[in-house]
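To start, the structure itself, in structure tokens.
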Amino acid sequence: MSETPTTEHSTSDHPEGNRKESRHNTEDYRPKDYQAGADYLAEYNAEFPLMSPKTDLTRWKIGPFHASLPASMILNLVLDGEVISRCSVETGFLHKGLEKALELSPWSSLVPYADHLDPENAVFGELVVCTAVEEIAALEVPLRARVIRLILSELTRISAHLSYTVRLARSVGSDTIVHYVLRDRERILDLFELLTGSRFSLNFLRFGGVKADVTEGFIERVLEICELIKIRLKEYNDIFTYNFSFTRRTYGVAVLPVDMIQKCGITGPNARASGIILDLRKSSPALGYDRIDFQVPIGRGESGALGDIHDRYLVRLREIGQSIEILKQLTEIIPPGDFLEKKLENDIKIPTGEAYSQVESPRGLLGCHIVSDGSGSPNRVQFRTPTISNLLCIPELIPGTRIEDLPVVLASLDLGIAEADR
Amino acid sequence: MEKTLLSQHLNRLLKDKVLEIVPFGRSSLMTVWIEAKSLLEVSRILKEDPELCLDWLENLSVAQLDQMFAVSYFLRSYRKQNSLVLRLSAVPQNMKSKIKIDSIASFWPMGRPMELEAEDLFGVHFEKTKAEKLEKSEKQKDDRASRDGGDAIREGEFQPKLLPSGWGGYPLRKNYVFPGRQ
Amino acid sequence: MSGSFYLSTLGRVLKWAESRSLWYMSTGSGCCADEMLNLAGSKYDLERYGCLPQVDPRQSDLLIICGIVSYKAMPYLRNLYDQMLTPKYVLAVGACANSGGPFSPKKSYSVVPGAGEVVPVDVYVPGCPPRPEAIMNGLIALQGKISGKNTSISALE
């Protein structure tokens with residue numbers, strides 16, 4: 001009882017790292033009748049058993065504006081100590097009424113509104129809408145325009161996954177990698193500005209092709225960016241991906257099992273990280289990826305648990321690598337030709353009909369159902385966004401995790417509330 | 001599955017519940033029109049058939065054409081390459097009243113948030129069956145977390161409440177007048 | 001706190017110091033919030049103007065509203081503004097926060113036509129989304145408004 005603490009073991013073997021042993025003997029500071037007090041307490045507890053300390057449950061409502069939430073949403077939590085035991089999600093704070101606004105506007109303003117659906121991945125909103133309208137009106141898209149659309153899609157995919165890295169790193173608390181990644185993301189946004197004139201809401205696709213041809217130095221700059229990002233991926237791995245604190249916080253946390261994925265209908269990198277091979281780029285040849293050779297990265301479970309946060313992050317990093325390969329092949333096969341079949345007037349009328357088109361966006365499967373009745377505005381435009389399935393799995397995924405892991409889990413699911421609320 | 005094979009298979013499975021099988025626009029999808037009252041039986045048959053195996057509801061969309069509301073279910077399969085569009089039509093009594101349709105959330109749970117959104121925006125109310133409602137209230141009685149007083153959080157729900165409470169009218173209907181413009 | 005309570009030179013110095021260290025809290029999400037993320041990055045650095053990002057309204061002087069304000073979120077935004085301590089300022093960034101933008105009352109039923117209906121706004125920055133340099137321009141105009149010097153945006157000397 002009165003041993004002095006020894007320093008036989010070295011400090012690096014200590015489970016807490018470099019903490020030095022205290023030089024004071026803490027047992028000297030206890031009261032003298034400590035042992036008698038402990039016996040009395042044991043007798044008392046035997047007569048009146050302690051109630052389990054888990055009887056009190058805390059209810060906590062995390063409101064619309066909070067730093068740990070990705071956007072405006074309300075989380076009602078029931079906490080059992082520090083472990084979450086129940087959860088319910090409410091969204092709807094970013095409802096813009098996009099679908100009604102599209103019914104009141106002419107057909108030519110469908111594209112500018114559609115890239116406000118999910119502002120980070122604006123090209124995919126335009127792409128899914130243009131594909132649906134071209135199916136209704138039987139418009140042919142020339143091959144050069146198709147390749148330009150694919151180049152823009154893959155650049156947006158790289159930019160979206162880099163932005164995911166920034167959000168995940170901020171939630172974990174490592175701010176170093178944030179500035180490195182944002183510096184490289186600016187180079188991609190500069191490319192968008194070179195081609196279309198605007199960094200985010202591009203408004204570049206048209207029914208039947210794209211708005212303008214590629215400028216002179218564009219293809220060379222795309223190849224430069226590919227080389228740059230390939231080198232930078234190694235740098236991010238050195239700084240962040242296998243960092244001790246990051247792996248400790250993300251190995252084995254919030255594992256998404258396969259039955260939950262199939263029950264909620266989750267698609268995209270979240271599903272691929274748990275081992276499901278589902279990618280629209282490979283399974284649906286209408287998108288135009290059939291002549292390009294690339295692999296679909298799926299989670300490998302290096303941490304021991306397949307489908308945890310680290311797997312979801314690694315799948316997206318590997319997708320960046322694959323997008324670079326796709327971009328290199330696209331710049332080789334781009335054919336000469338038209339970029340737009342026929343320039344349509346501002347007050348065109350699309351014939352009666354309907355169509356449902358699907359695209360593989362960086363968050364998952366994005367779909368659009370358009371109904372046209374032959375007049376100057378669409379009858380119904382309905383978007384099927386991938387975030388709505390990711391939000392559905394939250395009340396089943398979160399119970400069991402600790403409250404300090406909550407921001408990391410929410411950031412790892414890649415929730416785009418702006419597109420879920422439309 | 002090929003188109004002709006698929007329509008023959010569906011006609012054999014569903015017999016008299018099918019009103020019509022037509023192609024969907026210009027694509028290779030098939031649309032199956034059914035009546036609203038046979039929705040639950042048809043969904044069970046389509047989900048449990050070993051050849052079709054349609055266990056993924058990708059999209060649920062409601063559209064209004066004149067007085068008629070058309071509800072479309074876009075179904076897919078995880079294991080096989082089948083896909084299908086299931087459609088039914090409903091007419092309300094007048095343009096301000098609700099429409100009641102059975103809910104398919106017991107077969108395809110991923111469709112529940114889309115049903116809640118359609119209820120907010122169009123006034124199409126998807127009703128749970130009586131068996132589901134009883135099961136849920138019994139579950140909540142035993143649960144310790146519901147004994148904490150105040151209003152209980154409903155067990156694990158995602159509620160996309162797009163409109164604030166007390167909003168009058170259904171915005172996406174064609175006769176909706178914007179607030180402040182009479 | 002108003003400068004007229006002090007001697008005029010001291011008041012001017014205090015106002016100058018206040019305008020050069022506005023700690024901001026940014027709300028909203030969508031297109032303009034992505035531009036705020038880029039503003040905090042290394043290429044367009046907002047921290048060199050003294051603006052430190054905060055997450056608590058009680059410790060910030062400036063509220064930056066990027067993106068739409070919907071009727072459902074309106075009371076929560078007002079609550080956020082009321083929690084801030086005077087002197088406080090508001091910057092409305094983007095067309096949607098100025099006047100509803102593409103979601104004006106003619107086209108949309110659930111967007112408040114401008115953040116000015118909810119909180120008193122000091123500076124409006126137009127654009128959809130505005131470039132990071134335009135947002136910095138708005139911040140410099142706000143600094144001019146606080147310190148009483150250049151109240152017009154075009155005089156940036």
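For the reader, a short list of remarks on this structure follows.
- Selection from the stretch A:310-340 of residues that are acidic (Asp, Glu) and over 25 Å from the mean Cα position of the chain (by Cα): A:GLU332, A:ASP338
- Single residue of the stretch A:76-97 satisfying the filter (crowded, with 21+ Cβ neighbours inside 10 Å and within 14 Å of chain C (Cβ to nearest Cβ)) that is farthest from C:LYS107 (Cα to Cα): A:THR91
- Of everything in the stretch A:202-259 that is free of Cβ contacts under 8 Å to residues at least 40 places away in the same chain, part of a helix (DSSP H, G or I) and among the charged types (D, E, K, R), the residue that is nearest to C:CYS31 (Cα to Cα) is A:ARG221.
- Residues that are surrounded by fewer than 19 Cβ atoms within 10 Å (Cβ to Cβ) and of a type in the set (Asp, Glu) were ranked within the stretch A:265-298; the one that is farthest from A:LEU365 (Cα to Cα) is A:ASP293.
- Condition check for C:LEU46: of a type in the set (A, V, I, L, M, F, W, C) and out of contact with any Leu (no Cβ under 6 Å at 6 or more places or on another chain): no
- Of all residues in the stretch B:22-62, those satisfying the criterion of being hydroxyl-bearing (Ser, Thr, Tyr) and either at pLDDT 85 or above or touching a Phe, Trp or Tyr at 6+ places or on another chain (Cβ under 8 Å) (or both) are B:SER27, B:THR31, B:SER38, B:SER43, B:SER61.
- Of residues in the stretch B:65-109 being touching a residue at least 60 places away in the same chain (Cβ under 8 Å) and within 9 Å of chain A (Cβ to nearest Cβ), the one surrounded by the fewest Cβ atoms within 10 Å (Cβ to Cβ): B:GLN81
- For the stretch A:108-144, a tally of residues being within 14 Å of chain C (Cβ to nearest Cβ), in contact (Cβ under 8 Å) with a residue 24 or more places away in the chain and aromatic (Phe, Trp, Tyr) returns 0.
- Qualifying position, being part of a loop (DSSP other than H, G, I, E, B), in the same structural domain as A:LEU415 (by TED's automatic domain parsing) and touching a helix residue (DSSP H, G or I) at 6+ places or on another chain (Cβ under 7 Å), among A:GLY307, A:GLY321, A:GLY337: A:GLY337
- Selection within the stretch A:361-392 - closer than 30 Å to A:THR215 by Cβ and either outside any strand (DSSP E or B) or facing another protein chain (nearest Cβ under 10 Å) (or both): A:PRO362, A:ARG363, A:CYS368
- Selection over the stretch A:175-190 of residues that are at pLDDT 90 or above and farther than 14 Å from C:TYR44 by Cα gives a count of 2.
- Number of the condition not met by A:GLN262 [criteria: (1) in contact (Cβ under 8 Å) with a residue 24 or more places away in the chain; (2) surrounded by 15 or more Cβ atoms within 10 Å (Cβ to Cβ); (3) part of a helix (DSSP H, G or I)]: (1)
- Residue in the stretch C:7-25 that is within 12 Å of another protein chain (Cβ to nearest Cβ) and either modelled with pLDDT under 90 or more than 14 Å from C:MET136 (Cα to Cα) (or both) present: yes
- Scan of the stretch A:387-402 for residues that are more than 20 Å from B:LYS161 (Cβ to Cβ) and not charged (D, E, K, R), ordered by number: A:LEU397, A:PRO399, A:GLY400, A:THR401
- Residues satisfying the stated conditions in the stretch A:372-390, i.e. buried (at least 22 other Cβ atoms within 10 Å of the Cβ) and touching a Pro at 6+ places or on another chain (Cβ under 8 Å): A:SER372, A:ILE388
- For the stretch A:332-360, the set of residues classified as β-branched (Val, Ile, Thr) and either surrounded by 12 or more Cβ atoms within 10 Å (Cβ to Cβ) or within 13 Å of chain B (Cβ to nearest Cβ) (or both) consists of A:ILE334, A:ILE348, A:ILE350, A:THR352, A:VAL359, listed by residue number.
- Screening A:LYS61 with (1) more than 14 Å from chain C (Cβ to nearest Cβ); (2) surrounded by fewer than 21 Cβ atoms within 10 Å (Cβ to Cβ) gives one miss only, at (1).
- Residue, surrounded by the most Cβ atoms within 10 Å (Cβ to Cβ), within the stretch A:299-309, restricted to residues that are within 22 Å of the chain's Cα centre (by Cα) and more than 17 Å from A:ASN390 (Cα to Cα): A:GLY299
- Any hit, the stretch C:83-104, residues being within 16 Å of C:TRP23 (Cα to Cα) and within 11 Å of chain A (Cβ to nearest Cβ): yes
- The single residue among A:ARG157, A:ARG183 that is among the charged types (D, E, K, R) and surrounded by 22 or more Cβ atoms within 10 Å (Cβ to Cβ) turns out to be A:ARG157.
- Residue count for the stretch A:395-419, restricted to those that are buried (at least 22 other Cβ atoms within 10 Å of the Cβ) and either of a type in the set (Ser, Thr, Tyr) or within 7 Å of chain B (Cβ to nearest Cβ) (or both): 1
- Out of A:ARG157, A:ARG185, one residue alone is away from chain C (no Cβ under 14 Å) and outside any loop (DSSP other than H, G, I, E, B). It is A:ARG157.
- Test: A:GLY173 is buried (at least 21 other Cβ atoms within 10 Å of the Cβ) and away from chain C (no Cβ under 12 Å): no
- Residues considered: A:SER163, A:SER198, A:SER105. Of these, the only one that is more than 30 Å from C:LEU46 (Cα to Cα), within 12 Å of chain C (Cβ to nearest Cβ) and surrounded by fewer than 23 Cβ atoms within 10 Å (Cβ to Cβ) is A:SER105.
- The set of residues in the stretch B:39-64 being more than 14 Å from chain A (Cβ to nearest Cβ) and within 13 Å of the chain's Cα centre (by Cα) consists of B:LEU39, B:LEU40, B:VAL42, B:SER43.
The values are calculated or read from the model by the stated rules, or taken from the named source; none is laboratory data. Since the model is a prediction, treat every value here as computed from it, not as a measurement. Heads up, the Cβs are rebuilt from the backbone with ideal geometry, glycines too, and the neighbour counts pull from every protein chain shown.
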